[in-house]
Amino acid sequence: MCIKNLLQTGTMPRFKTILVTGGAGYIGSHCVVDLVNAGHEVVAIDNFANAVGDDEGSPALRRVEEITGKKVTFYKADLLNKSQIGDIFDKHPIDCVIHFAALKAVGESMQQPLLYYQNNLLGMLNLLEIMRSHNCFQMVFSSSCTVYGEPKHLPITEDHPTGNITNVYGRTKYFIEEMLKDLSIADKRWNIISLRYFNPVGAHPSGLIGEDPTKEFTNLMPFMAQVALGKKPVLTVFGNDYQTPDGTGVRDYIHVMDLASGHVAALNLLSENHVGLKVYNLGTGRGVSVKELVEVFEKVTSTKIPLQYEARRLGDITAMWADATLAKNELHWVTKHTIEEMCTDFWRWQTMNPDGYPKKNVKTSVIVNGKSSS
Ligand code: NAD
Ligand code: UD1
């Protein structure tokens with residue numbers, strides 16, 4: 001696609017105020033750190049469907065303020081409530097939206113498809129309509145490598161076919177990408193980047209923020225950390241008979257801070273160019289097996305993870321890793337963090353906060369050298 005530089009013509013200002021939906025969540029909160037550090041003013045919203053928080057606000061975002069020394073404006077708001085979201089756009093001159101807010105549990109999505117279609121699709125539709133009515137046409141969307149389904153070739157490039165997906169959650173991402181295609185063709189004012197994340201893991205190196213979902217989770221790294229902490233007895237490895245070097249599933253794990261910097265890079269591109277709709281893979285380009293990840297985790301954390309091999313998990317693919325060349329060439333973005341750092345940083349977060357964020361109305365404690373002062 002031809003990318004036309006509108007900055008030179010003086011028609012496109014750089015972005016100042018960024019609305020971050022799902023800002024209290026795992027990736028959103030880490031991204032806010034980078035956005036604030038890059039000089040953006042952040043307005044974050046979340047309905048706490050899958051994040052700790054209450055009417056007092058979000059402990060994750062209070063920690064972000066602690067890390068950055070800067071203020072983050074936060075609203076408890078639901079994308080399904082159009083007037084709530086409209087009021088926020090009335091109050092703040094939003095230049096661009098980073099849309100993280102979605103439900104993402106694959107198992108739950110199969111049991112409650114309407115909940116997922118309503119939250120993820122209707123939430124997006126509401127947001128796009130409110131953006132249009134406020135003359136805001138710039139967006140970065142959280143998509144997923146799940147839209148590729150079972151890979152036909154590896155590494156996966158952005159032109160790999162999409163849509164052959166086995167779960168409802170993944171289909172919501174696919175449907176939204178299709179909707180964004182139609183929208184960007186019909187109305188040239190839209191300027192959207194869809195980022196297809198591979199497997200985000202790790203935490204901010206301070207150990208102050210990390211992953212603390214309120215819904216049941218089944219992803220490998222958080223589960224492994226629970227086993228290492230003694231909260232779960234054993235890590236079940238789903239399948240050791242895959243056509244991979246050690247028989248276990250292979251994925252492209254990416255440090256959440258690398259993912260965060262990918263969003264700042266996407267904003268920079270959007271603020272200088274009219275892209276219509278562009279899609280980028282955010283991954284490291286390296287496939288790592290379940291066994292390899294467990295071994296690195298054990299080594300850097302000096303723990304032992306008891307394993308139990310079981311049958312393959314329904315809907316799992318054999319192997320998936322990214323070709324991230326397009327993001328390197330056009331976003332000027334590359335990953336910096338190693339698998340060791342992903343494990344070390346996740347473990348620091350887990351050990352400093354074994355029960356996650358402080359729950360209801362508990363003041364954020366000051367943590368120095370891994371010890372809490374309150
Ligand atoms: P998360 O659940 O930690 O964050 C999403 C946040 O959105 C949550 O805090 C939740 O409370 C909020 N939310 C959900 N519905 C909302 C609504 N209607 N109104 C307001 N807030 C709402 O998940 P995450 O891991 O940070 O993922 C962020 C985005 O990235 C999601 O869109 C997810 O689908 C996508 N993604 C995540 C992964 C992953 O493995 N974490 C991989 C690929 C894509
Ligand atoms: C899962 C989701 C996918 C989502 C992605 C985001 C499923 C089927 N897919 O993908 O839609 O985009 O998270 O990160 O849930 N594993 C074990 N034991 C465990 C947990 C996982 O062996 O207890 C294995 C899995 O079989 C897989 C690997 O670890 O080989 C990674 O699993 P997981 O973290 O759940 O991510 P994905 O399956 O890639």
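In the stretch 111-163, which chymotrypsin sites (Phe, Trp or Tyr not before Pro) fall in coil by DSSP and have 16 or fewer other Cβ atoms within 10 Å? Working shown, then result.
On the way: sites: Tyr116, Tyr117, Phe137, Phe141, Tyr148; in loops: Phe137.
For chymotrypsin sites (Phe, Trp or Tyr not before Pro) across the stretch 111-163 that sit outside H, G, I, E and B with at most 16 neighbouring Cβ atoms in 10 Å, the list is empty.
Under the rule of at least 5 residues apart or a separate chain, name every residue whose amide H is placed under 5 Å from the amide H of His204.
Result for His204 returns Ile209.
For Phe223 and Lys336, FRET efficiency with R0 = 22 Å and r from the beta-carbon atoms, rounded to 0.05? If you can, show how the numbers build up before the last one.
Numbers: r = 26 Å, r/R0 = 1.16.
Using R0 = 22 Å, I get an efficiency of 0.30.
Using the Kyte-Doolittle scale, which helices in the chain average at least -1.0 and also have C-alpha atoms spread 24 Å or more along the helix axis, with helices defined as whole DSSP H runs?
Details: long enough: 168-186 (27 Å, 0.00); 256-272 (25 Å, 0.89).
Span-like helices, by this rule, are 168-186, 256-272.
Tell me, how many Å apart are the Cα centres for the stretch 155-217 and for the stretch 307-340?
Cα centroid of the stretch 155-217 versus Cα centroid of the stretch 307-340: 14 Å apart.
Taking amide H atoms as placed 1.01 Å from N in the peptide plane, list the residues 5 or more away in sequence, or in a different chain, whose amide H sits under 5 Å from that of Phe74.
Ala44
Let me check I have the definition right: for the chain, take the eigenvalues of the Cα gyration tensor, multiply each by 5, take square roots. What are those semi-axes in whole Å, largest first?
Square roots of five times the eigenvalues give 31, 26, 19 Å.
Length gain on complete extension for the stretch Thr17 to Ala38, per 0.36 nm per residue less the alpha carbon to alpha carbon distance?
Working: separation 21, 0.36 × 21 = 7.56 nm, distance 1.16 nm.
Gain on extension, Thr17 to Ala38, equals 6.4 nm.
Between the stretch 59-81 and the stretch 220-293, how many Å separate their Cα centres?
Their Cα centres are 25 Å away from one another.
Show me, for the stretch 103-117, the HN-Hα J-couplings you get by feeding each phi into the Karplus relation (A = 6.51, B = -1.76, C = 1.60, θ = phi - 60°), rounded to Hz, glycine and proline as x.
8, 9, 7, 4, x, 4, 5, 6, 7, 10, x, 5, 4, 6, 5
Taking amide H atoms as placed 1.01 Å from N in the peptide plane, list the residues 5 or more away in sequence, or in a different chain, whose amide H sits under 5 Å from that of Ser194.
Those lying under 5 Å, H to H, from Ser194 are Phe141, Lys278, Val279, Tyr280.
For a distance above 14 Å, tell me the whole-number percent of Cα pairs in the stretch 206-255 that qualify. Intermediate results must be reported in sequence, preceding the final value.
Numbers: 794 of 1225 pairs.
Within the stretch 206-255, distances greater than 14 Å cover 65 percent of Cα pairs.
Can you tell me the Rg and the Dmax, both Å, for the Cα atoms in the stretch 218-374?
Cα only, the stretch 218-374: 18.4, 52 Å (Rg, Dmax).
Just from its helices, what would the mean residue ellipticity at 222 nm be for the chain, if runs of 4 or more DSSP H residues each count -39500 (n - 2.57) and the sum is divided by every residue, rounded to the nearest 500 deg cm²/dmol?
After summing the helix terms and dividing by the residues of the chain, the value is -10000 deg cm²/dmol.
FYI, it's all coordinate maths here, none of it is from the lab. Given the structure is predicted, the values throughout are model-derived calculations rather than measurements. All Cβ positions, glycine included, derive from the backbone under ideal geometry; neighbour counts span all protein chains shown.
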